[in-house]
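Working notes for the structure below.
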Amino acid sequence: MLHDIVKACRSYRRFDERERIDHALLVSWVDAARLVASSGNAQPLRYAIIDDEAGCERVFACCTWAKALADWDGPEPGEHPSAYIVVCRDLDRALTDTFTTWDEGIAAQTIMLQAAEAGFGGCIVGSFKRRSLCEAVEIDTDTFQPDLVLALGKPVEVVRIVDVPKGGSTEYWRDEAGVHHVPKRTLADVLL
């Protein structure tokens, strides 16, 4: 069953903006993420939940979407995420940048798997305007540093896993029907 949730947990970038995610559900996802492993048990992560429409639009304006899709400017109005969770580093608790990055990855994937299990989806966004985001979400930059933005909502796009093509490119693409293709190496290719 977890294998199926992992397969369903893709990077979605287009959502039904009208489908809101209940605030209590978002809080429960953070509650589970706070319990995951943490390097040295430092627990340096803090989370900002944004789920009101005005706040979501402010965060959306700070994010960059799908670097590999050079001719796509991001989700159209009506396809924006309906919630965000900003993963921040508590600058007083972080052991090192490397260890915090590991913690962030574990926590982000934990939240994304829960979203997939609940019928939602999202995208882990690492490319955003940090200063603008801090202002939009009112993050105290003397204490916290946002490192990831989890864009969440009800996906309205089809994402397909495909084998890495000859030549080995792992770059994702969209076909003429708008289906998003994500190349993944085969099991035989990753086993040593």
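The values are calculated or read from the model by the stated rules, or taken from the named source; none is laboratory data. Quick caveat, the model's predicted, so the values are computed rather than measured. Cβ atoms come from the backbone with ideal geometry, glycine included; neighbour counts cover every protein chain shown. All accessible areas refer to the heavy atoms of the entire protein, side chains included, with ligands and DNA or RNA removed. Shrake-Rupley method; radii C 1.70, N 1.55, O 1.52, S 1.80 Å.
Data table
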item	result
In Å², nearest 10: area of ILE124 left accessible to a 1.4 Å probe	70 Å²
DSSP-defined antiparallel bridges as percent of all bridges, the stretch 57-192, nearest 5	75 percent
Difference of contour (0.36 nm per residue) and Cα-Cα distance, ASP189 to LEU35	52.2 nm
The chain: Lys pairs at Cα distance under 29 angstrom, eight or more positions apart or on different chains	11
Where TRP72, TRP65 fall by accessible area, highest first, once all protein chains stay in place (1.4 Å)	TRP72, TRP65
Protection proxy ranking of 107-120, 31-44 - average other beta-carbon atoms within 10 Å, highest first	107-120, 31-44
Sites VAL6 and ASP140 - FRET efficiency at Förster radius 30 Å, r taken between beta-carbons, to 0.05	0.30
Kyte-Doolittle at least -1.0, axis length at least 24 Å by Cα - qualifying DSSP helices, the chain	97-117
Heavy-atom accessible area ranking, 1.4 Å probe, most first, across GLU157, GLU135	GLU135, GLU157
Gaussian network model of the chain, springs between alpha carbon atoms under 10 Å - residue of ASP103, ASP175, ASP73 with greatest fluctuation	ASP175
Potential extension, GLU171-TRP72 segment - 0.36 nm per residue separation minus Cα distance	34.2 nm
HN-Hα J in Hz across the stretch 6-14 - Karplus 6.51, -1.76, 1.60, θ = phi - 60°, x for Gly and Pro	4, 5, 7, 8, 9, 8, 9, 10, 10
More than 18 angstrom apart: percent of Cα pairs within the stretch 121-192	60 percent
When the convex hull of its Cα atoms is projected in every direction, mean area for the stretch 5-133 (nm²)	8.3 nm²
Rounded, prolate or oblate (a/c below 1.5 giving rounded, otherwise prolate when a/b exceeds b/c) for the stretch 1-59 by Cα gyration tensor	oblate
